[in-house]
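The values are calculated or read from the model by the stated rules, or taken from the named source; none is laboratory data. Only a predicted model underlies this, so the values are computations on that prediction, with no experimental measurement involved. Here the Cβ positions follow ideal geometry from the backbone for every residue, glycine too, while neighbour counts run over all protein chains shown.
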Amino acid sequence: MMLNIVRRPVKKFPVNPRVRAYGKARLDIASRVQTHADWERLWKRPTYPFPFTWGAYWKQCIEYKVDDFAAEVGFYTDILGLPVNALDPGYAMLTSPGGDFFIAFVPTPEGTRSTPPDAIRIQFMVADVFGTAKELERRGISLEQWPQPCAIGSSLYIGYFRTPHGICVDLWGQVEEQNSPEPETSLDSSPAPDSEVPPEFSEPKKVDIEDIEAELDRQAEVGQLTSDQSDISSQDILDEPEELIEIEYVNEESL
């Protein structure tokens, strides 16, 4: 039996060339800015002013479609404790106690596809990123990444977990002291055997030529190096260039 695979064309929305030109000009400024003074000097006012006047009930909301509506409702309301702004069997809108943000989701209509989990990310900046992470684990939420520095030596830490639909929720937080507590095991569930443990961040060790030569000699003695590898010098290792990634702007009209 032959399987007939039909490729559906991806719908592309028309883009006004003027809009793209605006964006490229802004990105050019961003690439040249080095200081706050540069930003004040180079940045120009938007072509048009902000057009929205907020209504009385809510300001902004992101909505997505889910496969398991009940699970998503239960997660946000009873596990995360978000207050309900609107809820019925076909729609849910939730917010924070202070109405700082709004999140909505709906059951996926029949014959359509739900929102891909990686299509959006929800990001929260919290005052105590480790305390929040520990509280979430106490409630049975398994963090895919325990809060870690966004870069080596950075005081900005990021961790994340997922909703039942798979939407990634980031926890951002500023950490003054580089002393991260270890994650605690959830009271409600134990980690899965194949769950990935996030790598620890550590300061890179200084590579010394004598250490490399000693290791090469040791491996040659025990026969761990092939004939080709035995000709490698320590300087060759230090001089080996890092992998380069080229970024090329592609003309969409030629695709």
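Structural remarks
- Here is the figure for the range 53-79: residues that are surrounded by 14 or more Cβ atoms within 10 Å (Cβ to Cβ) and either of a type in the set (Phe, Trp, Tyr) or within 21 Å of Glu137 (Cβ to Cβ) (or both) total 8.
- Test: residue in the range 83-104 that is surrounded by fewer than 14 Cβ atoms within 10 Å (Cβ to Cβ), under 17 Å from Cys168 (Cβ atoms) and at pLDDT 95 or above: no
- Among (1) surrounded by fewer than 15 Cβ atoms within 10 Å (Cβ to Cβ); (2) over 25 Å from the mean Cα position of the chain (by Cα); (3) among the polar types (S, T, N, Q) - the single one Gln123 does not satisfy: (2)
- Filtered residue count, the range 118-162, keeping only those that are assigned to a loop (DSSP other than H, G, I, E, B), in contact with a Pro (Cβ under 9 Å, 6 or more places away or on another chain) and closer than 15 Å to Gly173 by Cβ: 2
- Selected residue (criterion: surrounded by the fewest Cβ atoms within 10 Å (Cβ to Cβ)) from residues of the range 163-176 that are touching an Asp or Glu at 6+ places or on another chain (Cβ under 8 Å) and not in a loop (DSSP other than H, G, I, E, B): Cys168
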